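The values are calculated or read from the model by the stated rules, or taken from the named source; none is laboratory data. Just so you know, these numbers come straight off a predicted model, no measurement behind them. Counting neighbours? That spans all protein chains shown, and the Cβs are built from the backbone with ideal geometry, glycine included. The protein model used for the area step is the full one, side chains on, heavy atoms only, and it has no ligands, DNA or RNA in it. Shrake-Rupley method; radii C 1.70, N 1.55, O 1.52, S 1.80 Å.
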Amino acid sequence: MSSDQSLDPQLVEQTRQQIRSLMLEISQLSKENLSPEEFYSGFLTRILSALAAVGGAIWTLNHEGRLALQYQINLQDAKLRDSEETEKQHGRLLYKVVQDGEATLSPPRSSYGEEGAGNPSDFLLVFGILKTDLETVGVVEIFQRPDATTEAQKGYLRFLAQMCELAADFLRNHQLRHFADRQSLWTQLEDFTRRIHSSLHPRETAYTVANEGRRLIECDRLSVAIQHGRKSRIEAISGQDVFDKRSNLVRLMNRLATAVSATGDPIWYSGDVTDLAPQVEEALQEYVDEAHSKTVAVLPLKKPVPIEAESVEDENEPDKRPVIAALIVEQIEDSRVPTSMVQRVDVVSQHAAAAMSNALEHQGILLMPLWRALGKTRVIVEARNLPKTISIGAAVIAVVAALIFYPAPFKLEAKGTLEPVVRREVFAGIDGVVDSLKVEHGSKVAQNQLLVMLRNNDLEIAKSETIGQITTTEKQINSLTRQQADTNKITREEAIRIDGQIAEAKAKRDSLRSKLELLESKQRDLFVKSPIDGVVVTWDLYKRLISRPVQRGQILMRVADPSGDWQLELNMPEQYMGHVMTQRKKIPENEPQNVNYILATEPGKTRVGEIKEVHRSAEIHGEEGNTVQIFVKIDKTEIDPTALRPGATVTAKVDCGRRALGYVLLHDVIAFIQSRILFRYF
């Protein structure tokens, strides 16, 4: 009986119907508006089903002419990537098929010529070409069992070639849609560039970039931040003509833009922060928690490179161009980032960088607001506007005269704290571990009262060893003394030797006793006591100290006497001390130099103190920089006892006499001009 007669005609017809149905599905799939990824998935799945193949893959050519894997099913079963040699041999075969441009078969374990191309697998490889009217797009590769007849293999090849022709219809339609989208994009881009370059005002340019750029990118929100020194400040948010710059969202957006601009590199966030710098990750997480955006991209905008410098620019050198602004692109609901969106963001960022750079350079021209105003002078001197001009001019002259000739109180502001006059720091007298605390924050203590008990295991061991050595030495002395007392059993020479040994042992014993006294003295230092009567003012002692190692001289806590006098400890910036000391020289010795101050707990009530002492040296104090400490005597009876807290924040104004009103208002600017401009050039 022949093989044809052994087949069930009904089964053959059913198989043909199934293949026709799959071909119809592929034909319908090629006419739908799908992405290439979606089409390749449905296309390859149906071909493998029709051919009853083991697996397959679709390889596409990129813009550099290299093949990239677009979609695969059971590629690992073909074992084409088990070794580097196998992968290279299979890759050369793919490029050979693309170069030939025709559907072909490759038997298992076959090779072709001296090029090294071949089929290193145990499967029959069936290749089909994906091409359009303009170019070859890629290759379809099917992994088929090698035991099929020659006619069946030719059938595989014909079927795959027909399916690739259907796929070509999809590729042609996709290209047409791509060209149509590109034409629409070019129209939008032309309108976008025309609008963002229509103004040279930075704020107007930022608003145009935010609103027109959002439509071009097709994102949910686009914001523009302008760089001011080392910080970025949000200038425009798409869809909002006015926004609250002090809101939490805008504040966090400012911080995020500042952190990313400091690095100079763009970031794309869709849920993964593993590759971000710590400062960027922290700012990004805080912003995402507040804004609930699924996708956030921050792109620093740098000053464009001049055209004449592009040809000499070295790609290997780091980009040292300054960041002038930043774009913040957001997707509220969708965490996917399409390739088209990335391309559009790149285009918008390039054009926005050029527009913002031009606007900022124009705005940075010296006295630009004045030049604009002078351009409108013809309007203000017209007959109908002349009375207004004269009135405004007279008002300006009056204001300038008041600034120059009117004497006003000159007071300099300083930050500080409210502190008791009598207070002491409690130090550790020896290295150790805090074993127990006898007080807590707010505890009243007396002088020499036990505050902290330390533990030093090395000291205990050394003491035990010393005691043991003393005991051993005394036993040795007693033994030698008994030997010396028995004169009948020792000679004169032995008696002399024993005398020497006794003297040596006693000297050793005395040395060990001195060492023991020193160790006991150190052991007494393990009991830390209060230096004065007062109250413990250090917060959260248990968490700060218990079971923690401390070193000799380390501050453990602070004890203050709140029942005594109190004073202000002000940190006056060093650049203001000249005014303070000049005023101190002017006033008589028996008259005080007054200081007005307010407590942070009572900002509406002003009190008066007197300068008691001024330090002779300046010290760095936190963010305030170099400061000079000023002690101010106050009357504590004027303050509510509940507000007398050590370390309470105080804002004070030191009286420095009277100066011209203009100098009082602008003394910082005048000092800056004198030190940074006049001194430098004259």
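Here are a few things to note about the model shown:
- Scanning segment 437-445 turns up at least one residue that is closer than 30 Å to ASP635 by Cβ, touching a Ser or Thr at 6+ places or on another chain (Cβ under 6 Å) and surrounded by 12 or more Cβ atoms within 10 Å (Cβ to Cβ).
- Every residue from segment 546-560 that is open to solvent by less than 90 Å² (accessible area, probe 1.4 Å) and either more than 18 Å from ARG424 (Cα to Cα) or not hydrophobic (A, V, I, L, M, F, W, C) (or both): ILE546, SER547, VAL550, GLY553, GLN554, ARG558
- Test: ASP265 is in a loop (DSSP other than H, G, I, E, B) and touching a Pro at 6+ places or on another chain (Cβ under 9 Å): yes
- Taking the criterion of being exposed (fewer than 13 other Cβ atoms within 10 Å of the Cβ), under 18 Å from GLU419 (Cα atoms) and acidic (Asp, Glu), the residues of segment 610-647 that qualify are GLU613, ASP635, GLU638, ASP640.
- Members of segment 183-215 that are open to solvent by 30 Å² or more (accessible area, probe 1.4 Å) and among the aromatic types (Phe, Trp, Tyr): TRP186, TYR207
- Within segment 281-292, the set of residues being within 21 Å of MET341 (Cβ to Cβ) and crowded, with 19+ Cβ neighbours inside 10 Å comprises LEU284, TYR287, VAL288.
- Take the conditions (1) in a helix (DSSP H, G or I); (2) in contact (Cβ under 8 Å) with a residue 24 or more places away in the chain; ALA225 misses just one of them, which is (1).
- The residue that is modelled with the lowest pLDDT, among those in segment 3-54 that are in a helix (DSSP H, G or I) and among the β-branched types (Val, Ile, Thr), is VAL12.
- Residues in segment 472-526 that are free of Cβ contacts under 8 Å to residues at least 12 places away in the same chain, of a type in the set (D, E, K, R) and open to solvent by 80 Å² or more (accessible area, probe 1.4 Å): LYS475, ARG482, LYS489, ARG492, GLU493, ARG497, GLU504, GLU517, ARG524.
- Criterion: within 40 Å of the chain's Cα centre (by Cα) and of a type outside the set (Gly, Ala, Ser) - qualifying residue of GLU87, GLU25, GLU64: GLU64
- A Cβ distance below 6 Å, combined with a sequence gap of six or more or placement on separate chains, defines the contacts here; from segment 539-550, residues that are more than 15 Å from LEU451 (Cα to Cα) reach residues that are modelled with pLDDT of 90 or more in the pairs ARG548/VAL434; PRO549/VAL433.
- Matching residues in segment 579-602 - criterion: being over 28 Å from ALA660 (Cα atoms) and in a strand (DSSP E or B): LEU599, GLU602
- Subset of segment 527-545 that is farther than 19 Å from ASN456 by Cβ and of a type in the set (Phe, Trp, Tyr) - its residue that is surrounded by the most Cβ atoms within 10 Å (Cβ to Cβ): TRP539
- THR466 being under 30 Å from LEU526 (Cβ atoms) and either aliphatic (A, V, I, L, M) or not in a loop (DSSP other than H, G, I, E, B) (or both): yes
- In summary, strands (runs of 3 or more DSSP E) completely within segment 82-124 and bearing 1 or more residues that are open to solvent by 40 Å² or more (accessible area, probe 1.4 Å) and not polar (S, T, N, Q) occur at 104-106, 110-112.
- Residue within segment 554-571 that is hydroxyl-bearing (Ser, Thr, Tyr), within 30 Å of LEU454 (Cβ to Cβ) and without any contact (Cβ under 8 Å) to a residue 40 or more places away in the chain present: yes
- Segment 487-540: number of residues that are within 30 Å of GLU440 (Cα to Cα), among the polar types (S, T, N, Q) and touching a helix residue (DSSP H, G or I) at 6+ places or on another chain (Cβ under 8 Å): 2
- Count of segment 563-578 residues which are under 28 Å from PHE672 (Cα atoms), among the hydrophobic types (A, V, I, L, M, F, W, C) and either in contact with a Cys (Cβ under 6 Å, 6 or more places away or on another chain) or in a strand (DSSP E or B) (or both): 2
- Test: ARG607 is crowded, with 17+ Cβ neighbours inside 10 Å, at pLDDT 90 or above and outside any helix (DSSP H, G or I): yes
- Within segment 390-436, the set of residues being hydrophobic (A, V, I, L, M, F, W, C), surrounded by fewer than 18 Cβ atoms within 10 Å (Cβ to Cβ) and touching a helix residue (DSSP H, G or I) at 6+ places or on another chain (Cβ under 7 Å) comprises ALA402, LEU403, ILE404, ALA408.
- Output for segment 260-275, where each listed residue is free of Cβ contacts under 8 Å to residues at least 60 places away in the same chain and crowded, with 20+ Cβ neighbours inside 10 Å: ILE267, TYR269
- Residue check for ALA236: among the aliphatic types (A, V, I, L, M), in a strand (DSSP E or B), touching a helix residue (DSSP H, G or I) at 6+ places or on another chain (Cβ under 7 Å) and free of Cβ contacts under 8 Å to residues at least 40 places away in the same chain: yes
- Checking each residue in segment 20-63 for being surrounded by fewer than 17 Cβ atoms within 10 Å (Cβ to Cβ), farther than 22 Å from ASN74 by Cα and either in contact with a Leu (Cβ under 6 Å, 6 or more places away or on another chain) or hydrophobic (A, V, I, L, M, F, W, C) (or both) picks out LEU24, SER27.
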